[in-house]
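The values are calculated or read from the model by the stated rules, or taken from the named source; none is laboratory data. Just so you know, these numbers come straight off a predicted model, no measurement behind them. Cβ placement follows ideal geometry from the backbone for every residue including glycine, while neighbour counts extend to all protein chains displayed.
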Amino acid sequence: MEQQQSRPLDALNAARHKRVIVDLKNGKQFIGELKAFDIHINLVLEDAEQRHDGQTEKKMGKVFLRGDTIIAINVSEQ
Amino acid sequence: MEQQQSRPLDALNAARHKRVIVDLKNGKQFIGELKAFDIHINLVLEDAEQRHDGQTEKKMGKVFLRGDTIIAINVSEQ
Amino acid sequence: MEQQQSRPLDALNAARHKRVIVDLKNGKQFIGELKAFDIHINLVLEDAEQRHDGQTEKKMGKVFLRGDTIIAINVSEQ
Amino acid sequence: MEQQQSRPLDALNAARHKRVIVDLKNGKQFIGELKAFDIHINLVLEDAEQRHDGQTEKKMGKVFLRGDTIIAINVSEQ
Amino acid sequence: MEQQQSRPLDALNAARHKRVIVDLKNGKQFIGELKAFDIHINLVLEDAEQRHDGQTEKKMGKVFLRGDTIIAINVSEQ
Amino acid sequence: MEQQQSRPLDALNAARHKRVIVDLKNGKQFIGELKAFDIHINLVLEDAEQRHDGQTEKKMGKVFLRGDTIIAINVSEQ
Amino acid sequence: MEQQQSRPLDALNAARHKRVIVDLKNGKQFIGELKAFDIHINLVLEDAEQRHDGQTEKKMGKVFLRGDTIIAINVSEQ
């Protein structure tokens, strides 16, 4: 029955082409425009930058993130 | 036979649109309104905030949480 | 042949509606009435409390526990 | 071809109703009578006790152990 | 529906024969020309070098990287 | 094509009834006669002993080892 | 489409009977002649030696390595 209702991937789909904030298990954070995702929560971000403790560490362009390193994805309008 | 009885996902389904408290493996806690979940226990919370040691760290809006980082979900009426 | 004999999930099934003690990988312990479980050992406990080093830390009401964080479930009559 | 020969689960099957010693990834040890197991190596022990560094820490009655926390099961006659 | 749109592996496919930067869970970094990948995100890099804290540690020639050790792949034109 | 050639499990099969040395992720080592294995690399050793830093810690008789705790199996004639 | 192009396992197949260097998650390194591999990246090396920090620690003969402990395999001609 929960299938007929909203699913978590719907929230990622609605966030396509918007900027999202991704928290990784290693404490790092990536911010970028969500270009693609799959059921493993592998992501591709564009115009990405990597942050640590709120500081921009690196500008990275286009980045593939492996889903199993991800804790949370903030899909609010940034 | 256990299939005919209540299943764990039923408890998540009953908590839809209610505020839940999610404990993660990294010691952080998310609180928000449960909008969506799937069989991997991926969740979407709305009006979410992140806490650590009982302190609100961040207000986050809408957040996708990857299921494999979750320890416990308190689905009691908050 | 081991299928025809008692299986581990049978022990969980027999513990439904009884109080169980759950040890997690992070050293925490949950105690509550077992309401539901599935093949991943996801559990729902009711009237749950969380303990650490034998001390009650929190009363939690109804709680969903993700199976992969569980080490042991004491299903003896409490 | 290895299928026609002895398989690891055969050794667990032969140990049913005997006392086994289970070493967990967190350094703890459970000893008890093996009542049930499955292909995930989930176990149920009866008259179980938990040890640490060779010391009995707790008598536990009937205990369900999740397979992915197990390192080794000593199935020698105890 | 997300299937009809761009998928994460498309970004890897577009990066074939280009230099990519791979961040591993152990803090190491590999840089090399992406020759092959699969759905597990196993990669083969050619003319690879391994870095740590921005320093070249080793020149390695052709290297197979197991997907489950990968955090991020920078697929921007290097 | 690699299927037509030698596969890793062939090496385990050839080591049946011989003494093998098993290195575990927790730094421990088991030595014993390989009686059984399966595709998960679950093993059963007979006349096993457990070592740490080259020292015999325990004589253990017959032991079941869960595959996911294993790093390496030395299948050379001991 | 990436299926029609070179796949990561092709690189392992081309390295059969050649010496490869395998980096493990625990910081150890194995060097030996690649005899066999499978889709889990389980490997068998012959004339293997184990190194740590560039030092030969052990000569080991024939060794089975479980795929999930592997980070990288240097398949360049050694």
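The table for this structure:
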| read-out | value |
| --- | --- |
| Condition check for B:Ile31: touching a strand residue (DSSP E or B) at 6+ places or on another chain (Cβ under 9 Å), more than 22 Å from A:Asp53 (Cβ to Cβ), outside any loop (DSSP other than H, G, I, E, B) and among the aliphatic types (A, V, I, L, M) | yes |
| The lone exception for D:Gln55 - which of (1) under 30 Å from F:Ser6 (Cα atoms); (2) polar (S, T, N, Q); (3) out of contact with any strand residue (DSSP E or B) (no Cβ under 8 Å at 6 or more places or on another chain) it fails | (1) |
| Condition met for B:Ala14 (closer than 23 Å to A:Gln5 by Cα, touching a residue at least 60 places away in the same chain (Cβ under 8 Å) and more than 9 Å from the chain's Cα centre (by Cα)) | yes |
| Every pair of residues 6+ apart whose Cβ atoms lie under 6 Å, when the first sits in segment B:35-46 and is touching a residue at least 24 places away in the same chain (Cβ under 8 Å) while the second is among the acidic types (Asp, Glu) | B:Lys35/B:Glu46 |
| Some residue of segment E:8-18 being surrounded by fewer than 22 Cβ atoms within 10 Å (Cβ to Cβ), modelled with pLDDT under 95, within 26 Å of A:Asn13 (Cα to Cα) and of a type in the set (S, T, N, Q) | no |
| Residue check for B:Leu45: touching a strand residue (DSSP E or B) at 6+ places or on another chain (Cβ under 8 Å), part of a strand (DSSP E or B) and within 11 Å of chain A (Cβ to nearest Cβ) | yes |
| Answer residue from segment F:1-41, given it is within 12 Å of chain G (Cβ to nearest Cβ) and among the acidic types (Asp, Glu) and is farthest from F:Val75 (Cα to Cα) among those | F:Glu2 |
| Test: residue in segment E:10-20 that is part of a strand (DSSP E or B) and among the acidic types (Asp, Glu) | no |
| Subset of segment D:52-78 that is in contact (Cβ under 8 Å) with a residue 40 or more places away in the chain and at the interface with chain F (Cβ under 7 Å from one of its Cβ atoms) - its residue that is surrounded by the fewest Cβ atoms within 10 Å (Cβ to Cβ) | D:Asn74 |
| Any hit, segment A:58-71, residues being among the hydroxyl-bearing types (Ser, Thr, Tyr) and in a strand (DSSP E or B) | no |
| Selection count where residues are basic (Lys, Arg) and buried (at least 21 other Cβ atoms within 10 Å of the Cβ), scope segment G:19-51 | 1 |
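Residue-by-condition table, conditions (1) under 26 Å from G:Ala14 (Cβ atoms); (2) modelled with pLDDT of 95 or more; (3) not basic (Lys, Arg):
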position: F:Ile21; (1), (2), (3): no, yes, yes
position: F:Phe30; (1), (2), (3): no, yes, yes
position: F:Ala36; (1), (2), (3): no, yes, yes
position: F:Ile41; (1), (2), (3): yes, yes, yes
position: F:Leu45; (1), (2), (3): no, yes, yes
position: F:Gln55; (1), (2), (3): no, no, yes
position: F:Met60; (1), (2), (3): no, no, yes
position: F:Gly67; (1), (2), (3): no, yes, yes
